[in-house]
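Derivation of every value follows stated rules applied to the coordinates shown; laboratory data play no part. Predicted, not measured: the structure shown is a model, and the values here were computed from it. In this analysis, Cβ positions are derived from the backbone assuming ideal geometry, glycine residues included, and neighbour counts consider all displayed protein chains.
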Amino acid sequence: MRTALCVAFIFVLAAASFAGTNEFTFRSTPTATDGTFAIVYEFPLDLGDLHNVGLGFDGNYIWVAAGDYTTGTCQFYLFDDMGSLMFTFSQGAGATGWGHRDLCFDGTYMYGSYSTEIHAFDTSGGYAGYFNGPGISPCRALAYDGYYFYTCGFSEYIYRGHWDGVWGSTPAWEVISGDVIGGCYGMAYDWANACLWVTTADYTGDLLQFNMDGTPLGVHTFLPEYDIQGGCTMAGTASWGMVLAVLQQYDPDMVTFYDVDSTTPVEDATWSSIKAMYQ
């Protein structure tokens with residue numbers, strides 16, 4: 001559903017339920033033109049009157065975080081890389097409204113940005129804990145590079161922080177970019193290109209690219225059809241290789257896989273050496 005993203009609510013993830021296959025119309029032939037990058041594959045999110053906002057990848061499934069103003073219960077929806085709905089995890093604790101805004105994975109937990117906090121869930125749907133964001137509300141976009149977490153809000157700066165692993169603690173966040181006009185709605189760490197991809201919701205269809213130190217690398221486009229996005233994530237899919245998965249706010253909402261020249265998941269040597277200094 002095309003919409004402007006706004007308020008998030010507190011919640012705790014509850015039990016998972018197996019959703020089985022769906023009856024979606026898969027779109028192996030994209031409905032949109034390519035823009036800067038080639039569209040590899042896409043599928044619609046025909047989930048009813050939901051506000052699909054966040055996107056993550058756990059090594060097996062694409063996670064979609066969806067807000068829900070109708071039933072009053074937000075859900076995580078897990079899809080395989082062909083677009084089949086596999087699992088639905090309740091966000092629990094009476095979560096309503098927008099739910100989690102964006103998602104990222106560290107190999108163990110899926111993290112979701114919520115208000116001023118970042119919440120963690122295991123891959124079976126269990127809530128693990130939280131740590132504090134940099135004080136912005138909401139922590140809209142979210143990414144993780146193996147050492148640092150990155151977040152950004154509506155018309156805000158990109159923040160970088162190393163979390164100490166203690167639930168409830170606050171990382172030493174630092175600003176690494178100038179003001180991102182239009183706001184960050186989704187963020188993804190690309191280890192092959194050693195960069196951050198940032199989606200926006202300013203109706204330009206822009207995809208922003210940043211160095212890991214926050215300096216801008218370029219502006220790309222999803223135009224003409226897709227002019228507003230939600231979350232994004234890098235996904236090493238079995239069917240399509242390494243892609244940038246983007247949640248497109250469309251009619252219906254779409255998850256679109258882009259080839260951003262990341263088919264070989266090998267970290268840039270310079271960035272690998274930088275990370276090694278902190279590990």
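Counting alpha carbon pairs within less than 8 Å and at least 6 residues apart, what relative contact order, in whole percent, applies to the range 195-255?
Details: 117 pairs, mean separation 15.3, N = 61.
Across the range 195-255, relative contact order equals 25 percent.
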Problem set entry | Pairwise label distance in nanometres, TRP167 with VAL219, each label 7 Å out on the Cα-Cβ vector | 4.3 nm
For this session: Would you calculate the separation in nanometres between label points at ALA238 and ALA128, each defined as 7 Å from the Cα along the Cα-to-beta-carbon direction?
Result: 2.3 nm
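Which three semi-axes in whole Å describe the equivalent ellipsoid of the range 16-276, each the square root of 5 times a Cα gyration tensor eigenvalue, listed largest first? Kindly include the intermediate steps, with their values, before the conclusion.
Values: eigenvalues 119, 100, 61 Å².
Rounded to whole Å, the semi-axes are 24, 22, 18.
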